[in-house]
Amino acid sequence: MMNSNIKSTKKDIVVVGGGPAGMAAGLRGAEEGAEVMIVERDIELGGILNQCIHNGFGVEIYGEELTGPEYAERFTSQISESSVDVMLNTFVLSMRPDKSMTLLTPNGLLEVEAEAVVLATGARERSRGEIRIPGSRPSGVMPAGTAQELINKKGFLPGKRVFVLGSGDIGLIISRRLTWEGAEVAGVAEIMDYPTGLNRNVVQCLHDYDIPLHLSHTVTDIYGSNRLEGVELSRVDDNMKPVEGTGQDIDVDLLLLSVGLVPENDFFKEAGVTLSERTSGPIVDEWFQTDVPGIFGCGNSVHIEDLVDWVTMDGFRAGDGAVAYAGNGNLQSAEKDVVPGENVNYVVPQKVSGEDDFRFALRVEEPMENADISIKGTDISFFEKIVTPGEMEVNEVEGEDLEELQGLDEIEVEVTRRF
Amino acid sequence: MNASYDVIVIGGGIIGTGVARALSRYKIDVGVLEKEPDVCWGTTKANSGIVHAGYDAKPGTAKASFSAPGNKKYGGWTENLSVPFKRLGSFVSTKDKSQLDKLENLLEQGEENGVEELEIITDRKRIEELEPNITEEVEVVLYAPTAGVVAPYKLTIALFENARENGVDFHFNAPVKGIQKGEDEAKFTIESGGGNFDGKYVINAAGIHSDEIAGMVGDDSFSIFPARGEYHLLDSEIEGYVRRINFPLPTQESKGILVTPAAEGSIIFGPNHQPLEEPSVATTKEGLEKVLGGAMKLFPDIDTGKIRTNFAGLRAKAGSDDFVIGESDAADNFVNVAGIQSPGLTAAPAISEHVVGLLEDLGLELIDDSDFDPRRNPIPKFAEMDIDEIAQYTDKYKAAKDIVCRCEEVTRAEIEEAIDRGATTLDGIKFRTRSRMGSCQGGFCTPRLIEILSDKLGVSPKEITKKGDNSYLLAEETKKGE
């Protein structure tokens, strides 16, 4: 396997992915004195933040609203002054369970052995084929994030009259961006009966620009043999099946898909990490360690998060975990399963030790008002006026509350109506 | 431009490129006219990619006479052209032992057609050994080990490249508008969107348009009735779940909805069979549901969450339901190779050689060209290299260190070479390199592909298209903060 001409090196921590999650993990590692390498395939750090020129980043962490590039800059400037070894234009060719990997760098191949690995590989957008929209296959059908890159980084508008399928945040934000650029957004369709993006984005990106939002609707046909000429919009029933006879044709030259993100989990699979069926990301503990010791995940590669602030905090936490593991080869073992109970789609982490404070994130299955997010069999409970699947709920279990978990083998998190 | 040829081939599908390449071993001038900007964008692009064993067709038909011989030529053909071809073997499965006689009939028919190694398997254990995940209800199988899979676009591109290497001219964006037959001399003048071309012989390999082309010389002896077939394509992640080419019992119209590994690693379901008045390759909700249902009958537990895309193709079905191969009664030296529906891909190598023989019978003098080289070098494929090969390749080419398509690990070196070899569109790059065929379906790499194409072709990014014509990707520049 090992070719004598191939260079090799050792690091305490290798972070794969230089977006917000990876930057936070890498920076934390370096602050704690570890030798850290961040591997990034793009020409710069920052990941998707670089194409998010709208503001709204940093409210939770910095208490101010930054644009994506501004938020990224806070980290890149610190990283450039730190000891972190940043490998740009570098690809991971193979990732092994023993935490060694083969990299393709601008200077050739490089074998790296790491004490701990943090996989902060982000997510990809779901494609047209995955949601199985029938019809022709013209140009002018693309994921919303791709359009965002074309507009914000490459300086081109991919269409003039646009329909957006899916009310995820990217779709909402791109609708406003397109409007600013002089394109006409004919509407946004959402198959659910509630928007799946953040409420503030529904207001600021659609309502403020009179862009119609069609709830309980989906695109059922695509027209045009070369360039997109239109779509058919249909109402769906309670089972999300299109209702015959409700179809209306809308003439557009661009259809953007904002129909969800999927964690980029290939390297977890290569490393033999067990994945969660609910999140498609790895099963992790409170330090974001996977079931392969010393391999961590954080950010969207673990589960799809709403706010970059949470991504950053998870990155710091994973960085702390990686430092602890790289230092003594061990972390507190997390034996307690955290499982989704009533009206909970998923909870991360899926395992905790019960010894340390931890933050947990969940998404509900159905919207609910006056909801209690609670741990079954304990007094631990958090009140929310409204919960929806579009908004991730994050809460912390700390201090004395931990004692309540002592007797539990399994921590069941449920969301129930208080009144 | 205008040019003069001994033989003009109309159509750049598997038949057009196959015939052109077969002719390129002789000292004759050959030109191919293709209406699209690339080869292989008609019927050849979107089908099951099956090289059939040859038991389906009724003995005595043209289909039967070219199928088994075509299959036998595939090994050598694809080896010379460096195109992946896998003899996986095919299953015709039935859940009902009372259908055994139907399989026996197919076996007899196959043997009459010259198919070797056919076998009926009734031993459930053996069925499972050969195809572990097939529904447990299957009790009887006709097994044809000689059947295989090939990527039809890869094959057609290879035929095109090898023919071009051996002197054949290809004219793209050259839709044929009219054909004049010279009165005194044996000569045709073909008016096309890409110029006028003179030829002594014309091969009509125009797929679903071959009846229109024949009509241009007054030949109305056949009509093409396009029939759409729809497909699902799964992520290559589940490669290995299906191991052979799986058919249900055939019906009058078609061989049924099959489930098969694709030559390049993923799994395909399809096709259904829908005769159409107006040709269309749009997929439909009903069609895709039918295809999924058909596939689930054979593999009920397959992970349909791994479906990555769907597509449709058109069968170029002649009224006779058989291949139409031969000189036209309406015009001397005008040869129809039409109605090439399934098993046309299988038959292609045999048909190509047969057409060369036909031309010779019609008086074309065939003198061997000693410079003919049957071998074609493929674009080196980074994703298939081992570590030492990667070390060498990336040492040699700087662009090989730049992975553009992350899902399928396609480097900029491969993409640039695809453009050097004739790709001018995103689809052209896709069929040559697999970029945009992976999990993200082009979400990540499309902006870069546009840039690379625009740089290499020296045109504005706004000129770059998905598949020629009006399929542009970028409408205009942004205001850039103005």
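Just so it is clear, none of the values below were taken in a lab; they were calculated from the coordinates. All values reported here derive from a predicted model rather than from experimental measurement. All Cβ positions, glycine included, derive from the backbone under ideal geometry; neighbour counts span all protein chains shown.
Figures for the structure shown
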| quantity | calculated |
| --- | --- |
| Long-range HN-HN contacts of A:Arg41 with modeled amide H, under 5 Å | A:Gly18, A:Thr90 |
| Whole-Å semi-axes of the protein assembly as shown's equivalent ellipsoid (Cα gyration tensor) | 52, 30, 28 |
| Whole-angstrom gap from region B:439-466 to region A:350-401, using each part's C-alpha centre | 45 |
| Highest-fluctuation residue, A:Asn226, A:Asn201, A:Asn345 considered, GNM on chain A with Cα pairs under 10 Å | A:Asn226 |
| Derived scalar couplings ³J(HN,Hα) [region B:260-267; Karplus, 6.51 cos²θ - 1.76 cosθ + 1.60; whole Hz; x for Gly, Pro] | 8, x, 7, 4, 9, x, 7, 10 |
| Share, in percent, of DSSP beta bridges within chain B that are antiparallel, nearest 5 | 70 |
| Karplus-derived HN-Hα couplings along region B:401-416 (A = 6.51, B = -1.76, C = 1.60, θ = phi - 60°), whole Hz, x at Gly and Pro | 8, 10, 8, 8, 9, 6, 5, 9, 6, 9, 8, 4, 4, 5, 5, 5 |
| Built amide H within the under 5 Å cut-off of B:Glu477, gap 5+ | A:Leu157 |
| Set of aspartates and glutamates with alpha-carbon distance to B:Lys102 below 19 Å, sequence-local pairs under 8 removed | B:Asp56, B:Glu111, B:Glu112, B:Glu116, B:Glu117, B:Glu119, B:Asp123, B:Glu137, B:Glu139, B:Glu253 |
| Calculated P(r) of chain B - Cα pairs past 37 Å, % | 28 |
| Relative intensity, log₁₀ I(q)/I(0), of region B:61-105 from a Debye sum that treats every alpha carbon as a point, q = 0.22, 0.26, 0.30 Å⁻¹ | -0.87, -0.95, -1.03 |
| Rg ratio (alpha-carbon, reference 2.2 N^0.38 Å) - region B:356-402 | 2.15 |
| Projected label distance in nm at B:Glu212 and B:Lys396, using a 7 Å step from Cα toward the beta-carbon | 4.4 |
| DSSP-defined beta bridges in region A:127-259 - what % are antiparallel, rounded to 5 | 40 |
| Candidate aspartates and glutamates for bridging to B:Lys398, where Cα separation is under 15 Å - those fewer than 8 sequence places away on the same chain excluded | B:Glu389, B:Glu414, B:Glu416, B:Glu417 |
| Under-5 Å amide H pairs with A:Phe382, H placed in peptide plane, nonlocal only | A:Ile373, A:Ser374 |
| Set of aspartates and glutamates with alpha-carbon distance to B:Lys45 below 16 Å, sequence-local pairs under 8 removed | B:Glu34, B:Glu36, B:Glu230, B:Glu264, B:Asp427 |
| Computed FRET value (nearest 0.05) for B:Glu111 with A:Arg278, which takes r as the C-beta separation and R₀ as 60 Å | 0.65 |
| Separation of alpha-carbon centers, region B:133-170 and region B:299-373, rounded to whole Å | 13 |
| Principal axes of region A:333-419: Cα extent on each, largest first, Å | 34, 21, 17 |
| GNM result for chain A, Cα springs below 10 Å: residue of A:His207, A:His54, A:His303 fluctuating most strongly | A:His207 |
| Entries in B:Lys200/B:Lys467; A:Lys7/A:Lys99; B:Lys27/B:Lys200; B:Lys255/B:Lys297; B:Lys200/B:Lys456 that, when Cα-Cα distance is taken, lie over 25 Å | B:Lys200/B:Lys467; B:Lys200/B:Lys456 |
| Loop-located GluC sites (Glu not before Pro) in region B:112-154 whose Cβ has at most 14 other Cβ within 10 Å (DSSP) | B:Glu116, B:Glu117, B:Glu136, B:Glu137 |
| Ellipsoid equivalent to chain A - semi-axes via the Cα gyration tensor, in Å | 36, 28, 19 |
| Using a Förster distance of 30 Å, the FRET efficiency for A:Lys7-A:Ile43 (Cβ separation, nearest 0.05) | 0.85 |
| Gyration tensor verdict on region A:127-259 (Cα atoms; rounded if a/c is under 1.5, prolate if a/b is larger than b/c, oblate otherwise) | oblate |
| DSSP-loop GluC sites (Glu not before Pro) across region B:358-400, with at most 15 other Cβ within 10 angstrom | B:Glu365 |
| Dipole magnitude (debye, nearest 20) for the protein assembly as shown, charges at Cβ of Lys, Arg, Asp, Glu | 2180 |
| Euclidean distance between Cα centres, region A:65-109 to region B:180-224, Å | 60 |
| Residue-wise HN-Hα coupling along region B:353-360, computed from phi with Karplus coefficients 6.51, -1.76, 1.60 (Hz; x: Gly, Pro) | 5, 4, 5, 4, x, 4, 5, 5 |
| Entries in B:Lys35/B:Lys317; B:Lys177/B:Lys285; A:Lys269/B:Lys401; B:Lys63/B:Lys154; B:Lys63/B:Lys290 that, when Cα-Cα distance is taken, lie over 31 Å | B:Lys177/B:Lys285 |
| Cβ-based exposure ranking for A:Val413, B:Val51, B:Val202, in which fewest neighbours within 10 Å come first | A:Val413, B:Val202, B:Val51 |
